[in-house]
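Presented below is the structure to which this report refers.
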Amino acid sequence: MWEKVQETVSYIKNSTNFSPEYGVILGSGLGSFTDDMQVAFTLPYDEIPNFPVSTVLGHKGALVFGTIGDKKVVAMQGRFHFYEGYSMKEVTFPVRVMKYLGVEKLIVSNASGGVNPNYKVGSIVIIKDHINMAPEHPLRGKNDERFGPRFVNMSEPYSRKMIVKAKEIAIDLNIEVHDGIYLGLQGPTFETLAEYRMVKILGADCVGMSTVPEVIVARHMDVETFGVSVITDMGDEENIDTVSHDEVLEAAKKAEPNVRNLIKELIVRY
């Protein structure tokens, strides 16, 4: 893993000569965030050594390098999911690469199903904590101390300082935000009604199929992390019948301008 990461980092540095401070992982329907960047370089995943390739509709599949304000940013247009058939080490490989390109702060976005009755479709949720229920752990196997410790302290998976700053920005921009706990499952099926109930009983507010492994690996390497989720469907009796991937993308698209502004301002001001 170490050699692969260094080989990929070396290729990217030679191709771009760019050292980003911020990494952004763009989830379903949020790919056009890069329109807010002064783009300097774009590298398609299939040109990058050792990189997986995104297979999900709505995920474009490129690393985009550029600036927002005076901050240097690398954005992942399209992420990798365990349900696509990748191992967790492949899913999180780009996070390792980002760290060694210079990234100190990671912003992760996703679409999720809501179980908190205070949410509605289109709600923006700042993730304050997570519950990992994926069947594979990204740190399973021999630990390489060069990346981080064997046992990672997960008392603050999502940066409290970044959360406070994001809430201040939301007030300034008049964007309604909630906070909540995200539960990560494998997918790719949407949850059954009984599973949505389970999510709620376990103390989570929303559920999805990404983000948790990426955040675990970021914290393994001591990268400060912020997560935001768009509620694209509600897991209750009234709404469950109509949930589809097209609906999820449509709901994410409607919330996208506010999420984009929030993330952009967080990068500029934090």
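For (1) within 20 Å of residue 264 (Cβ to Cβ); (2) open to solvent by 40 Å² or more (accessible area, probe 1.4 Å), each residue gets a yes or a no:
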| position | (1), (2) |
| --- | --- |
| 72 | yes, yes |
| 77 | yes, no |
| 110 | yes, no |
| 117 | no, yes |
| 123 | yes, no |
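In the set 238, 224, 247, only one residue is out of contact with any Asp or Glu (no Cβ under 7 Å at 6 or more places or on another chain) and either at positive phi or among the acidic types (Asp, Glu) (or both); that residue is 238. Scanning segment 69-83 for residues that are over 14 Å from residue 103 (Cβ atoms) and more than 18 Å from the chain's Cα centre (by Cα) yields 69, 70. When each of 91, 125, 115, 97 is tested for being under 20 Å from residue 39 (Cα atoms) and touching a residue at least 24 places away in the same chain (Cβ under 8 Å), the lone residue that passes is 97. Considering the conditions (1) in contact with a helix residue (DSSP H, G or I) (Cβ under 6 Å, 6 or more places away or on another chain); (2) open to solvent by less than 10 Å² (accessible area, probe 1.4 Å), residue 94 is excluded by exactly one of them, (1).
Residue 211 passes every criterion in (1) open to solvent by less than 50 Å² (accessible area, probe 1.4 Å); (2) on the phi < 0 side of the Ramachandran plot; (3) at pLDDT 95 or above apart from (2). If I ask for residues that are closer than 19 Å to residue 122 by Cα and of a type in the set (Phe, Trp, Tyr), which ones from segment 21-38 would you list? Listed by number, the list holds a single entry, 33. Within the span defined as segment 47-61, every residue fails to be touching a strand residue (DSSP E or B) at 6+ places or on another chain (Cβ under 6 Å) and either part of a strand (DSSP E or B) or within 20 Å of residue 104 (Cα to Cα) (or both). Can you confirm whether residue 142 is without any contact (Cβ under 8 Å) to a residue 12 or more places away in the chain and not aliphatic (A, V, I, L, M)? Yes.
A residue that is in a helix (DSSP H, G or I) and open to solvent by 10 Å² or more (accessible area, probe 1.4 Å) cannot be found anywhere in segment 222-230. Restricting attention to segment 10-38, the residues that are more than 22 Å from residue 211 (Cα to Cα) and either part of a loop (DSSP other than H, G, I, E, B) or of a type in the set (A, V, I, L, M) (or both) add up to 5.
The values are calculated or read from the model by the stated rules, or taken from the named source; none is laboratory data. No experiment lies behind these values; they were computed from the predicted model shown. Glycine gets a Cβ as well: all are built from the backbone with ideal geometry, and neighbour counts include every protein chain shown. Surface areas here come from the heavy atoms of the whole protein model, side chains and all, with no ligands, DNA or RNA. Shrake-Rupley method; radii C 1.70, N 1.55, O 1.52, S 1.80 Å.
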